[in-house]
1. Run down Asn258, Asn262 and say which single residue is polar (S, T, N, Q) and free of Cβ contacts under 8 Å to residues at least 24 places away in the same chain.
2. Going by what's in this entry, would Leu174 be described as part of a helix (DSSP H, G or I), under 30 Å from Ile257 (Cα atoms) and touching a residue at least 12 places away in the same chain (Cβ under 8 Å)?
3. Restricting attention to segment 89-114, which residues are within 23 Å of Tyr236 (Cβ to Cβ) and among the charged types (D, E, K, R)?
4. Do any helices (runs of 4 or more DSSP H) entirely within segment 219-314 hold 1 or more residues that are within 33 Å of the chain's Cα centre (by Cα), and if so, which?
5. Here are Phe238, Phe295: which of them is in contact (Cβ under 8 Å) with a residue 12 or more places away in the chain and of a type in the set (Phe, Trp, Tyr)?
6. Scan (1) loosely packed, with under 15 Cβ neighbours inside 10 Å; (2) modelled with pLDDT under 85 for the single condition Ile145 breaks and write down its number.
7. Within segment 67-87, does at least one residue satisfy the condition of being of a type in the set (D, E, K, R), at pLDDT 75 or above and either more than 33 Å from the chain's Cα centre (by Cα) or surrounded by 11 or more Cβ atoms within 10 Å (Cβ to Cβ) (or both)?
8. Kindly indicate whether any position in segment 268-279 is over 30 Å from Ser180 (Cβ atoms) and surrounded by 11 or more Cβ atoms within 10 Å (Cβ to Cβ).
Amino acid sequence: MRVLVLAISFLVTFLVFSVLYYIVKTKIAPSNQVHQRIKDLGGGSERVVRTRTEELARIPFMDRTVIPLLYTVEKFFIKFAPSEIHATVDKKLMLAGKQGQWSANRVIMAWLLCQAIFLALGLHFASQQKFSNIEGILFVWAFVIFGALLPFGYLDSLIRKRQEAITKQLPEVLDLLSISVQAGLSFDGAMRKIVERMTGPVIDEFKRMQQDVRMGAPRARALQAISRRCDVEDMYLFITSVVQAERLGTGMGKTLINQAENMRERRRQRAKAAALKAPIKMLFPLVFFIFPAMFVVILVPPIFTILQSMGIFK
């Protein structure tokens, strides 16, 4: 019986919906379309309003409401950051290669948020411990300082990795540049060929240099901007030699060959220095991890044997 009632209810609902849909589709919609066309032809201001409303309706809710609200909150909290921190963050973003990808205000906002989170954590853990007032304050301040240093530590690690990648890739790029110039290409033509076929932080800097030259910047100034963005000693030497060769009229091929040999020699010296540091770095794992295991394997069986012979251990 219940199944029959449900079936009849579903059938009646479907029929009513079909009738209403037919009426709307055949009677109301055409008349509305005609009225809308008349309004579009006669009412200019109404059409402009409707167009703006439709444009706003096409924008997603996230882009229309949430993101502007977040920007407003960000501008409000940025006022509490020190004014000197903007220059520091801009420089670190430039050295990390994130200047066009990350915003300084976003990084500062993350810095403030990280401090707030660690402040809350410090207060939570301090409330659970039996600290005096001075100890509690120092404990909370330690958490806040750690939260303040964490974002900058992450940026410093990105800078260090990028500088190491630049130092590692530069000799290879210089070899290809010198070979291309010896083959008859100009310096700009050789750099263009290398940029088209390679990737890496050095190639990204060369691409940006080419864009600056296309925008009208002198090539010497664009090259010097590379050394400021990288802050690597090898890059300073390369840029200085290229700029001096261009000013003095020295052959670019000979300059690039000398620089490639110099970079290869510097890389060999760094490899030798790293090899000499390896025994010292291995000392700490040996003392704290390998030697205790060896002592356990070598000394524990004789100790058990001595204890059993003395009757202390059975």
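1. Details: Asn262 fails: free of Cβ contacts under 8 Å to residues at least 24 places away in the same chain.
So the residue among Asn258, Asn262 that is polar (S, T, N, Q) and free of Cβ contacts under 8 Å to residues at least 24 places away in the same chain is Asn258.
2. Working: part of a helix (DSSP H, G or I): yes; under 30 Å from Ile257 (Cα atoms): yes; touching a residue at least 12 places away in the same chain (Cβ under 8 Å): yes.
Here the answer is yes, as Leu174 does meet what is asked.
3. Asp90, Lys91, Lys92, Lys98, listed by residue number.
4. 219-230, 233-248, 252-285
5. Numbers: Phe295 fails: in contact (Cβ under 8 Å) with a residue 12 or more places away in the chain.
Phe238 is the lone residue from the list that is in contact (Cβ under 8 Å) with a residue 12 or more places away in the chain and of a type in the set (Phe, Trp, Tyr).
6. Here Ile145 meets the rest and fails (2).
7. The answer is no; no qualifying residue exists.
8. Of segment 268-279, the ones over 30 Å from Ser180 (Cβ atoms) are 273-279.
Add one more test, that the residue is surrounded by 11 or more Cβ atoms within 10 Å (Cβ to Cβ), and what stays is none.
Within segment 268-279 (the criterion being over 30 Å from Ser180 (Cβ atoms) and surrounded by 11 or more Cβ atoms within 10 Å (Cβ to Cβ)), the answer is no, since none of the residues qualifies.
The values are calculated or read from the model by the stated rules, or taken from the named source; none is laboratory data. Computed from a prediction, not measured in an experiment: that's the story for all the values here. Please note: Cβ atoms are built from the backbone with ideal geometry, for glycine as well, and neighbour counts cover all protein chains shown.
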